[in-house]
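Working notes for the structure below.
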Amino acid sequence: MTGARLNEREIIARAYGLGFDLVGITRLGPVGTAPAFERWLAEGRAGEMGWLERGAAKREDSRLPVPGATSAIVVALDYGGREPDGPVARYARGTDYHDLMVDRLRELQRELGEMRGEPVAGKAYVDTGPILERDLAGRAGLGWFGKNTMLINPGLGSFFFLGALLVELDLEPSAPFEADRCGSCTRCLDACPTGALVAPRELDATLCISYLTIEIKGEIPTALREGVGEHIYGCDICQEVCPWNISFAREVKEAEFEAREVLTGKDSRTLARELLAMTQEEFSAGFAKSPMKRAKLRGLKRNAAVVLGNIGAVEDVAALEQAIEDPEPLLSEHARWALDSLRARGSAG
């Protein structure tokens with residue numbers, strides 16, 4: 001390594017200048033939480049998310065993903081937790097955060113090169129590689145692991161994205177966040193409709209509403225459909241009830257994270273009916289660059305049918321009857337279940 005010695009305070013200031021809400025530095029090396037993550041995978045808690053098993057060796061030692069890298073600049077970007085609850089989790093209402101954060105981290109890397117007088121080798125990660133960002137964030141002083149498994153910051157809550165820039169620089173690390181400020185609170189565990197938080201800081205993803213509405217590609221297990229409630233894509237319940245978010249969550253400040261037009265002002269029933277009637281062309285236009293494209297239209301229609309089965313009324317019967325005739329078996333089966341649920345509740349007229 002050559003070039004000018006970089007000042008950690010200036011690095012952190014540059015990151016804040018790019019719009020990040022939290023910034024810290026940590027050294028790379030053995031990852032303390034990796035063994036627990038591997039046990040979690042071995043227990044089948046990841047369900048169908050098979051990609052999480054890849055890169056185990058690199059997860060265990062954060063120096064391995066980027067040969068030569070010795071430090072991580074860890075950042076958080078708030079996406080707003082003050083907006084009302086709704087059918088779509090807050091993080092997914094606007095533009096996909098991956099590209100936005102990676103672009104800013106790459107700009108930070110470029111600026112570090114300018115400060116140093118020569119390019120800085122490194123790579124940006126935002127949920128796209130064998131990196132346990134939450135572990136790095138805790139070690140970099142950004143927060144502690146809450147009982148809902150989210151990283152919580154005492155001045156920001158938990159409605160934020162995490163990212164890391166792994167760099168070939170020897171930097172002085174920030175003080176790690178070692179306190180556990182959850183105390184005796186169990187609001188998140190008590191509030192989860194499907195019991196996915198099986199113990200403090202232990203999530204069974206196969207029971208989580210976010211997993212059920214986003215990650216699985218086939219049928220939502222019948223026993224869990226009622227627990228999905230009004231959620232069409234993702235869930236924020238374990239964050240909404242957290243006292244740290246009640247006190248410190250912020251309004252959306254990034255225009256990219258504001259709700260797109262196709263979602264604005266829509267309650268769960270309205271959005272569910274619109275999704276059931278939506279064509280692929282309409283979906284592609286209305287959800288361009290949206291995180292919700294991950295579930296694809298067939299998945300969102302499946303979720304919409306479940307929501308109408310849970311909270312629908314006689315006005316929704318026609319939409320479900322039409323969905324039953326859909327050539328997509330996944331939608332047809334869930335719509336039939338939904339209509340049966342409405343009839344069982346006496347809501348089908």
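The values are calculated or read from the model by the stated rules, or taken from the named source; none is laboratory data. Just so it is clear, the structure is predicted and the values come from calculations on it, not from any experiment. Note that we place each Cβ from the backbone using ideal geometry, even for glycine, and neighbour counts take in every protein chain shown. Areas reflect the complete protein model, heavy atoms only, side chains present, ligands, DNA and RNA absent. Shrake-Rupley method; radii C 1.70, N 1.55, O 1.52, S 1.80 Å.
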*If you take the residues in the stretch 129-152 that are part of a helix (DSSP H, G or I) and not hydrophobic (A, V, I, L, M, F, W, C), which one is most open to solvent (accessible area, probe 1.4 Å)?*
Arg134
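State the number of residues belonging to the stretch 319-349 that are polar (S, T, N, Q), surrounded by 13 or more Cβ atoms within 10 Å (Cβ to Cβ) and farther than 14 Å from Thr222 by Cβ. Outline the logic, then answer.
First pass over the stretch 319-349, keeping only residues polar (S, T, N, Q): 322, 332, 341, 347.
Okay, now just the ones that are also surrounded by 13 or more Cβ atoms within 10 Å (Cβ to Cβ), so 332, 341, 347.
After this cut, where a residue has to be farther than 14 Å from Thr222 by Cβ as well, the list is 332, 347.
Final tally of qualifying residues: 2.
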_Only listed residue being part of a helix (DSSP H, G or I), under 30 Å from Val252 (Cα atoms) and open to solvent by less than 40 Å² (accessible area, probe 1.4 Å), chosen from Ala15, Ala72_ = Ala15
*Is it true that some residue in the stretch 116-128 is part of a helix (DSSP H, G or I) and either open to solvent by less than 30 Å² (accessible area, probe 1.4 Å) or within 19 Å of Gly19 (Cα to Cα) (or both)?*
yes
*asked:* I'd like the full set of residues that are open to solvent by less than 10 Å² (accessible area, probe 1.4 Å) and either modelled with pLDDT under 95 or not in a helix (DSSP H, G or I) (or both), limited to the stretch 217-248.
replied: Ile220, Ile232, Tyr233, Gly234, Asp236
*Kindly indicate whether any position in the stretch 90-97 is open to solvent by 20 Å² or more (accessible area, probe 1.4 Å), among the polar types (S, T, N, Q) and either in a loop (DSSP other than H, G, I, E, B) or out of contact with any Cys (no Cβ under 6 Å at 6 or more places or on another chain) (or both).*
yes
*So which residues in the stretch 72-95 are among the aliphatic types (A, V, I, L, M) and out of contact with any Gly (no Cβ under 6 Å at 6 or more places or on another chain), if there are any at all?*
Ala72, Ile73, Ala76, Leu77, Val88
*Go through the stretch 34-63 and give me each residue that's part of a loop (DSSP other than H, G, I, E, B), surrounded by fewer than 18 Cβ atoms within 10 Å (Cβ to Cβ) and either in contact with a strand residue (DSSP E or B) (Cβ under 8 Å, 6 or more places away or on another chain) or free of Cβ contacts under 8 Å to residues at least 12 places away in the same chain (or both).*
Glu43
